[in-house]
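Engineer: Got a structure for you, written out below as structure tokens; questions coming shortly.
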Amino acid sequence: MTIEPSGGPPVPGLHADPLELATELPLSEDEAAYVEAARAPNTLRGYRSDWAEFTAWCARLPRDPLPAAADTISAYLTELARAGAKVGTMSRRLSSIRFAHQLRDLPDPTTGARVVAVWEGIRRTHGAPPDQAAPLMPPALFDVLDHCPQTKVWKTRPPEPDLAGLRDRALLLVGFFAALRRSELAALRVEEISAHDRGLVLTLPRSKTNQRGEEHELVVLPRAGRRAHCPVTAVQTWLDAAGIADGPVFRKISRGNRVLGRALHPESINDLVQAAVARAGLPGGPFSAHSLRAGFVTYAHLRGASDRAIAHQTRHRSLATLGAYVRLETAWQDNAATQLGL
């Protein structure tokens, strides 16, 4: 949600980008590079967006965003809550404000009694379970694959393999079998894929739960019994057709059916999954890129895999987290309410 600024006089200390704060410090070039690397790129993009929202709100009042007073933070949260912002969104905004102050060695304005009291009240009043993506798993997943275009037909040149369709098939199958997050799909590189007798092994240098890259995470990509549903075959077909030998695996495709050098943005992967589902006309939803990871967890559980075996592939550190993926699918199983005979 966005609170639009309505204009107002300049506010002292107003900054559009929290990372710009670091440039005002006496840092060497190497130090500045490490400051930039202190947060994951997705996190930094979120901080930039949130800080811009907060400073625009401050400019409208006007209030000083840096350093921000406790009543500024509490008033901001209150207006967000009344405008219908989700608790998760407001929590992220607080993190962004906290980060901006940390970069200037300023006291954290989000920890005072006033802010804590208002924030706890908002959470109790407006807290709700996060929207969960519907799991995308067989047989629905195979319907989506079947609707990925395979041939590009032109008026002025011979038909060609549809590179976007080949890419989407590989992306869907890798996302499902490897249970990857959309950021991991976007960051995957050819150099991180190794051949194995039983399929492929993905070596992920970083992830949401391993942001410092202290230990590489291994994810297996097994061969499937049917070639049309095999992630290994899909990846090899895509890379061969696209002529990709190194660099990003999943890339943008031009309107002329040519592979571009840029990797897909994580949000673009979300759009591609939703477009693929729409082509197949699947009911239900909502679907997103996370539906592939949720689909793996749910399908593996229904097939009898243990939570520990599932977590081995998904790299969940808490087994309890897996329960959120399968709760709806298993709510009717072994339930006394279905055995009343009434």
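Engineer: Can you confirm whether region 188-198 contains a residue that is of a type in the set (A, V, I, L, M, F, W, C) and buried (at least 23 other Cβ atoms within 10 Å of the Cβ)?
Structural biologist: Yes: one or more hits.
Engineer: Here's something else I'd like to know. Assigned to a loop (DSSP other than H, G, I, E, B), more than 15 Å from residue 188 (Cα to Cα) and either without any contact (Cβ under 8 Å) to a residue 24 or more places away in the chain or open to solvent by less than 30 Å² (accessible area, probe 1.4 Å) (or both) - does that describe any residue in region 257-278?
Structural biologist: Yes, there is a match, as at least one residue in region 257-278 is assigned to a loop (DSSP other than H, G, I, E, B), more than 15 Å from residue 188 (Cα to Cα) and either without any contact (Cβ under 8 Å) to a residue 24 or more places away in the chain or open to solvent by less than 30 Å² (accessible area, probe 1.4 Å) (or both).
Engineer: On the basis of being farther than 14 Å from residue 140 by Cα and modelled with pLDDT of 85 or more, does residue 320 make the cut?
Structural biologist: No; evaluated as a whole, the condition is false for this residue.
Engineer: Read through the list (1) in contact (Cβ under 8 Å) with a residue 24 or more places away in the chain; (2) surrounded by fewer than 20 Cβ atoms within 10 Å (Cβ to Cβ), then give the number of the only condition that residue 149 fails.
Structural biologist: (1)
Engineer: Of the residues that make up region 133-146, is at least one modelled with pLDDT of 95 or more, surrounded by 20 or more Cβ atoms within 10 Å (Cβ to Cβ) and either within 16 Å of the chain's Cα centre (by Cα) or closer than 18 Å to residue 315 by Cα (or both)?
Structural biologist: no
Engineer: Something else: Please name all residue pairs, on different chains or six or more residues apart, with Cβ atoms under 9 Å, provided the first residue is in region 96-107 and is at positive phi and the second residue is assigned to a loop (DSSP other than H, G, I, E, B) and open to solvent by 10 Å² or more (accessible area, probe 1.4 Å).
Structural biologist: What qualifies is 105/25.
Engineer: Taking the condition of a type in the set (D, E, K, R), farther than 22 Å from residue 161 by Cα and surrounded by 16 or more Cβ atoms within 10 Å (Cβ to Cβ), does residue 293 pass?
Structural biologist: In short, yes.
Engineer: With the requirement that a residue be in contact with a Pro (Cβ under 6 Å, 6 or more places away or on another chain), closer than 15 Å to residue 250 by Cα and either modelled with pLDDT of 95 or more or surrounded by fewer than 23 Cβ atoms within 10 Å (Cβ to Cβ) (or both), what does region 152-185 give you?
Structural biologist: 162, 165, 173, 174, 183 - these are the residues of region 152-185 that are in contact with a Pro (Cβ under 6 Å, 6 or more places away or on another chain), closer than 15 Å to residue 250 by Cα and either modelled with pLDDT of 95 or more or surrounded by fewer than 23 Cβ atoms within 10 Å (Cβ to Cβ) (or both).
Engineer: Same structure again: Kindly establish whether residue 89 is within 12 Å of residue 122 (Cβ to Cβ), modelled with pLDDT under 90 and out of contact with any Ser or Thr (no Cβ under 6 Å at 6 or more places or on another chain).
Structural biologist: So residue 89 fits the description; yes.
Engineer: To continue, here is another question. Out of all the residues in region 51-86, which are open to solvent by less than 50 Å² (accessible area, probe 1.4 Å), of a type in the set (A, V, I, L, M) and under 20 Å from residue 126 (Cα atoms)?
Structural biologist: Of everything in region 51-86, those that are open to solvent by less than 50 Å² (accessible area, probe 1.4 Å), of a type in the set (A, V, I, L, M) and under 20 Å from residue 126 (Cα atoms) turn out to be 73, 75, 77, 80, 81, 85.
The values are calculated or read from the model by the stated rules, or taken from the named source; none is laboratory data. Note that the coordinates shown come from a computational prediction; the quantities given were computed from them, not determined experimentally. Neighbour counts run over all protein chains shown; Cβ positions are idealised from the backbone, glycine included. The protein model used for the area step is the full one, side chains on, heavy atoms only, and it has no ligands, DNA or RNA in it. Shrake-Rupley method; radii C 1.70, N 1.55, O 1.52, S 1.80 Å.
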